[in-house]
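> Before anything else, here's the structure in question.
The values are calculated or read from the model by the stated rules, or taken from the named source; none is laboratory data. Quick caveat: nothing in here was measured; it's all calculated off a predicted structure. Glycine gets a Cβ as well: all are built from the backbone with ideal geometry, and neighbour counts include every protein chain shown. What goes into the accessible areas is simple: the full protein's heavy atoms, side chains included, and nothing from ligands, DNA or RNA. Shrake-Rupley method; radii C 1.70, N 1.55, O 1.52, S 1.80 Å.
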Amino acid sequence: VQLQASGGGLVQAGGSLKLSCEASGNIFVINAMSWYRQPPGKQRELVATITNAGSPNYADSVKGRFTISRDNHHDTMYLQMNSLKPDDTAVYYCNADDRYRPEVYWGQGTQVTVSS
C-alpha cells in the first residue's frame, strides 16, 4: 500500500484547507485511516481517525473545526480543516492500518502553515 498526501499550503488564521490522501496498491487490506501532524519541534500527534465503516474520531484540539472523510471506494481520505489557527501549523501525515497484519502504512507529509 502506498499513500500520497496533498493539499497543504499557506493560509491565514481563520482560513480553510482540504487535505487529501490517495491510497494505491493493495487497498483492500486497508482498515482504519488516520491523519497525524507534527508541529515544529514537537512530537507527532493524532489528529483524526476514520474507521472502515466511516466512523470518525477527533483530537479535542480540532473537534468542531476539522472533518475527516473517506470516499466510497476507500482509496482516498480527506481532512477538511476550517477556522485554522497558527497552532495548527505542522507537517500533516496520513496513515492506514492493515486489517490482516500488524502493519501500518504512512504517506509522506504535507506542510500546513497558518499565519497570524
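> Grab the Cα-Cα distance for residue 82 and residue 43, subtract it from 0.36 nm times how many residues apart they are, and report the gain in nm with one decimal. Please list the in-between numbers first.
Numbers: separation 39, 0.36 × 39 = 14.04 nm, distance 2.28 nm.
Gain in length upon complete extension: 11.8 nm.
> Where is the GNM fluctuation largest for the chain (alpha-carbon springs, 10 angstrom cutoff): 53, 13, 90?
Of 53, 13, 90, the most mobile in the Gaussian network model is 53.
> Let me ask something else. Quick one: give the max-minus-min coordinate of the C-alpha atoms of the range 45-96 along each principal axis, largest first, in Å.
On the principal axes, the range 45-96 reaches 33, 20, 17 Å in Cα extent.
> I want to verify a result. In a Gaussian network model of the chain, Cα cutoff 10 Å, which of these has the top mean-square fluctuation: 54, 15, 41?
41
> With N set to the number of residues, divide the alpha-carbon radius of gyration of the range 1-53 by 2.2 N^0.38 Å and report two decimals. Please report the intermediate quantities before stating the final value.
Values: Rg = 13.4 Å, N = 53, 2.2 N^0.38 = 9.9 Å.
My calculation over the Cα atoms of the range 1-53 gives 1.35.
> To the nearest 20 Debye, how big is the dipole of the chain about its Cα centre, given +1 on the beta carbon of each Lys and Arg and -1 on that of each Asp and Glu? Walk me through the numbers on the way to the answer.
Details: 10 positive and 10 negative charges, 45 e Å.
Result for the chain is approximately 220 debye, rounded to the nearest 20.
> In the neighborhood of residue 83, defined by Cβ-to-Cβ distances under 14 Å, what is the net charge if each Lys or Arg adds +1 and each Asp or Glu adds -1?
With Lys, Arg at +1 and Asp, Glu at -1, the net is +2.
> Another question, if that's okay. With a 1.4 Å probe and all protein chains left in place, how much of the accessible area of the chain comes from carbon and sulfur atoms, in whole percent?
Numbers: 2850 of 6150 Å².
Ligands and nucleic acids excluded, carbon and sulfur reach 46 percent.
> Per residue, how much accessible area does the chain show when a 1.4 Å probe rolls over the protein heavy atoms, in square angstrom?
So the chain comes to 53 Å² accessible per residue, rounded to a whole number.
> Here's another thing I want to ask about it. Among residues other than residue 116 whose Cβ falls under 12 Å from its Cβ, what is the net charge (Lys/Arg +1, Asp/Glu -1)? Provide the component values of the computation, followed by the final result.
Working: positive: 85; negative: 87, 88.
Computed value for this residue: -1.
> Follow-up. Any chance you could tell me what percent of the C-alpha pair distances in the chain go past 16 Å? Intermediate results must be reported in sequence, preceding the final value.
Values: 3713 of 6670 pairs.
That tail contains 56 percent of the Cα-Cα pairs.
> Mind checking the full-extension length gain between residue 13 and residue 67? Use 0.36 nm per residue of separation minus the Cα-Cα distance, one decimal, nm.
Working: separation 54, 0.36 × 54 = 19.44 nm, distance 1.74 nm.
Additional length available on full extension: 17.7 nm.
> Given DSSP loops and a limit of at most 13 other Cβ atoms within 10 Å, what is the longest stretch of the chain that contains no such trypsin sites (Lys or Arg not before Pro)? Intermediate results must be reported in sequence, preceding the final value.
Values: sites that count: 42, 63, 99.
Counting only loop sites that pass the neighbour cut-off, the longest clear stretch is 1-41.
> May I ask you to derive the relative contact order of the chain, considering only C-alpha pairs under 8 Å and at least 6 residues apart, and to give it as an integer percent?
Dividing the mean separation by the residue count of the chain yields 36 percent.
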